[in-house]
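The values are calculated or read from the model by the stated rules, or taken from the named source; none is laboratory data. Quick caveat: nothing in here was measured; it's all calculated off a predicted structure. Heads up, the Cβs are rebuilt from the backbone with ideal geometry, glycines too, and the neighbour counts pull from every protein chain shown. These accessible areas exclude ligands, DNA and RNA; they are computed on the full protein's heavy atoms, side chains included. Shrake-Rupley method; radii C 1.70, N 1.55, O 1.52, S 1.80 Å.
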Amino acid sequence: MDLTIEPVTAGRWDDLVEVFGDRGEAAACWCLYFRMPRAEWSGTPRSERRTELQRIVTAGREPSLLAYAHGTPAGWVSVAPREEFLPHLERTRVLRPAPGEGVWSVLCFVVRPRFRRQGIASALLEGAVEHARSRGARIVEGHPMDDALRKIMTMEAYVGTASMFARAGFTEVERRGKRPLYRLVL
């Protein structure tokens, strides 16, 4: 498959909108669930979430990457310095940050239905690692679902699966309940 991975920039905003669509979880969240305290996220209308993500993108922060299959927007991954996600991460027992400096987090994937089961999420994870590395990250981490415990439903896989992170060279460094923390030291 002809697949390319590119940072989300203002010039690619329409491609991000195409991946998120106008229905479903991605179109409801707009990648702000992990960027805001939960109560604030819940009280923010969908349209304002979209506007806020667009503001982040147009400010030049490149908060995520897009996958293009044969030039068509096919998927997306959130990747940024962990500090951008602390409003949410610090308030959850399962996702509370582990010690470390220079940590970047990969927290969310979206793959359009017609492109699923073609390795796009894995390619996005590899792209996220390279993106973080090129911007000075020391560690990349994720909180995937553990697919060794049970079959993961599509709606749960937005954080990735443990097997996908392991194939990309990540190692489980901690477990909080059933939720693992995977890290790759760069």
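With a simple spin-label model that places each label point 7 Å from the Cα along the Cα-to-Cβ direction, the separation between A166 and H70 comes to 3.4 nm. Sequence gap at least 6, Cα distance under 8 Å: using those rules, report the relative contact order of segment 71-115 to the nearest whole percent. After rounding, I find 60 percent.
Relative contact order of the chain, please, whole-number percent, based on alpha carbon pairs below 8 angstrom and at least 6 residues apart.
Numbers: 330 pairs, mean separation 36.6, N = 186.
RCO, the chain: 20 percent.
Where a ≥ b ≥ c are the square roots of the eigenvalues of the C-alpha gyration tensor, would you call segment 79-186 rounded, which needs a/c under 1.5, or, failing that, prolate if a/b is larger than b/c, or oblate? Oblate is the answer for segment 79-186, as a/c is 1.5 or above yet b/c matches or exceeds a/b.
Within the chain, what's the longest run with no GluC sites (Glu not before Pro) in a DSSP loop and at most 13 other beta-carbon atoms within 10 Å? Give the range, please. Counting only loop sites that pass the neighbour cut-off, the longest clear stretch is 1-89. When the Gaussian network model of the chain links Cα atoms closer than 10 Å, the mean-square fluctuations of L16, L66, L53 top out at L53. The stretch between A39 and V185, if pulled fully straight at 0.36 nm per residue, gains 49.3 nm over its current Cα-Cα span. Taking 0.36 nm per residue of sequence separation and removing the Cα-Cα distance, the R23/A98 pair yields an extension gain of 23.6 nm.
Can you pull the percent of Cα pairs in the chain with separation above 31 Å? When every Cα pair of the chain is considered, 9 percent fall beyond 31 Å. Only protein atoms count toward the accessible area here, which uses a 1.4 Å probe; on the chain, the carbon and sulfur part of that area reaches 50 percent.
Could you tell me whether segment 36-87 comes out rounded, prolate or oblate from its Cα gyration tensor? Rule is a ≥ b ≥ c as square roots of the eigenvalues, rounded for a/c under 1.5, then prolate if a/b exceeds b/c, otherwise oblate. Since a/c reaches 1.5 and a/b is larger than b/c, the shape of segment 36-87 is classed as prolate.
Given the DSSP H assignment, sum -39500 (n - 2.57) over each helix run of at least 4 residues in the chain and divide by its residue total; what's the result at 222 nm in deg cm²/dmol, nearest 500? Please list the in-between numbers first.
Details: 7 runs with 57 residues, N = 186.
Theoretical 222 nm ellipticity from helices: -8500 deg cm²/dmol.
Modelled this way, with points 7 Å down the Cα-to-C-beta line, the labels at R55 and M153 are 3.4 nm from one another. For the chain, the solvent-accessible area of protein heavy atoms averages 50 Å² per residue (probe radius 1.4 Å; ligands and nucleic acids excluded).
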